[in-house]
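Below is one structure, written out as structure tokens, with a few remarks after it.
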Amino acid sequence: MTAERSRCSIVILISGRGSNMRALIEHSRRTDSPFSVAAVLSDRSDAAGLRTAAALGVPARAIDAGGSADRAAYDDLLAEAVAEVKPTLLVLAGFMRILSPAFVQRYEGRILNIHPSLLPQYPGLHTHRRILAAGEKEHGATVHYVTAELDGGPPIMQARLEVDPRDDEAKLAARVQALEHRMYPLAVRWHCEGRFRYVGGAVWFDSAPLAAPLQLSGLDSA
């Protein structure tokens, strides 16, 4: 799948600096990559990731909510922007808006997200802070298919680490992000190669039901 026209086309949605976005773009430039990044879209015009994407030669723009808190109205604007590109897959990379059920249903089985915890533990925000406050010994990140339930879609891949007693919130976040940058391109790659499939609310991997999320350790060369 080295020809550009045969690659899976992805759109990345961001709200911030886009570190996972950069990892995905860099992976897409590999000659053996099965996906290409068609566009980067953000709900924030001041997102630093927009400038990073543009500097890397990827079309990038903000879809301005216009001050509206109406999720359905915003998601209609977002869907119009996505439809212009016609991607195979939407990839959320630090996208902080909660997508409406109608939007999720429109792209069912074609939206991935990465969350900085070992789901179903610690859904929502401020996971590193909460992990430290709870005195947890293990932390990590999860890639999952997006459903209408916040951080509740079926997980497909996880990366784990031991919490270091010397970790503060910033150090722990950086350590988890380093794992995310390895894991997310691999998960997107395997979706685009057809190894992951979302069918009727369940995930299949290599033609068999996925009973538990794959663990990053040992998977990089699989």
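Which value, in debye to the nearest 20, gives the size of the charge dipole of the chain about its Cα centre, when Lys and Arg are +1 and Asp and Glu are -1 at the Cβ?
For the chain, the charge dipole is close to 420 debye.
Less than 15 Å Cβ to Cβ from residue 165, Lys/Arg counted +1 and Asp/Glu -1: what total charge do the surrounding residues give?
-3
For the chain, with a Gaussian network of springs between Cα atoms less than 10 Å apart, report the residue from 48, 159, 141 with the top mean-square fluctuation.
48
Could you tell me the relative contact order of the stretch 4-215? Use alpha-carbon pairs under 8 Å, at least six residues apart, and round to a whole percent.
18 percent
How about the stretch 105-159: which trypsin sites (Lys or Arg not before Pro) there are in a DSSP loop, with at most 12 other Cβ atoms within 10 Å of their Cβ?
Answer in residue order: 137.
Among 27, 139, which comes first, then next, by fewest other beta-carbon atoms within 10 Å?
27, 139
Considering amide H positions built from the backbone, and no H for Pro or chain starts, which residues 5 or more places from residue 8, or on another chain, come under 5 Å of its amide H?
Amide H neighbours of residue 8, under 5 Å, 5+ apart: 35, 36.
Among 16, 152, 109, whose mean-square fluctuation peaks in a Gaussian network model of the chain (Cα, cutoff 10 Å)?
152
What span do the alpha-carbon atoms of the stretch 48-174 cover on each of the three principal axes, reported in whole Å from largest to smallest?
Principal extents (largest minus smallest coordinate, Cα): 47, 33, 29 Å.
Quick one: net charge of residue 62's neighbours, Cβ under 10 Å, K/R +1, D/E -1?
Around residue 62, the surrounding residues sum to -1.
Within 10 Å of each residue's Cβ, count the other Cβ atoms and sort 190, 204 from fewest upward. Provide the component values of the computation, followed by the final result.
Numbers: 190 21, 204 16.
Lowest count first: 204, 190.
Could you tell me the center-to-center distance, by alpha carbons, between the stretch 124-171 and the stretch 8-70 in angstrom?
If we compute the Cα centre of each part, the gap is 23 Å.
Please work out the C-alpha center-to-center distance from the stretch 84-108 to the stretch 180-222 and express it in whole Å.
19 Å
Sort 86, 171 so that the residue with the fewest other Cβ atoms within 10 Å of its own Cβ comes first and the one with the most comes last.
Placing the least packed residue first, the sequence is 86, 171.
Would you calculate, for the chain, the mean residue ellipticity at 222 nm contributed by helices, counting each DSSP H stretch of 4 or more residues as -39,500 (n - 2.57) and dividing by all residues, to the nearest 500?
-10000 deg cm²/dmol
Within the stretch 4-215, what percent of beta bridges assigned by DSSP are antiparallel, to the nearest 5?
The answer is about 45 percent antiparallel.
Could you work out the equivalent-ellipsoid semi-axes for the chain, taking the square root of 5 times each eigenvalue of the Cα gyration tensor, largest first, in whole Å? It would help to have the intermediate numbers written out before the result.
On the way: eigenvalues 124, 92, 66 Å².
Working through the eigenvalues yields semi-axes of 25, 21, 18 Å.
We did not get these values from a lab; they are worked out from the coordinates using the rules stated. A quick note: this is a predicted structure, and the numbers were derived from the prediction, not measured. Cβ coordinates were reconstructed from backbone atoms using ideal geometry, including for glycine residues, and neighbour counts include every protein chain displayed.
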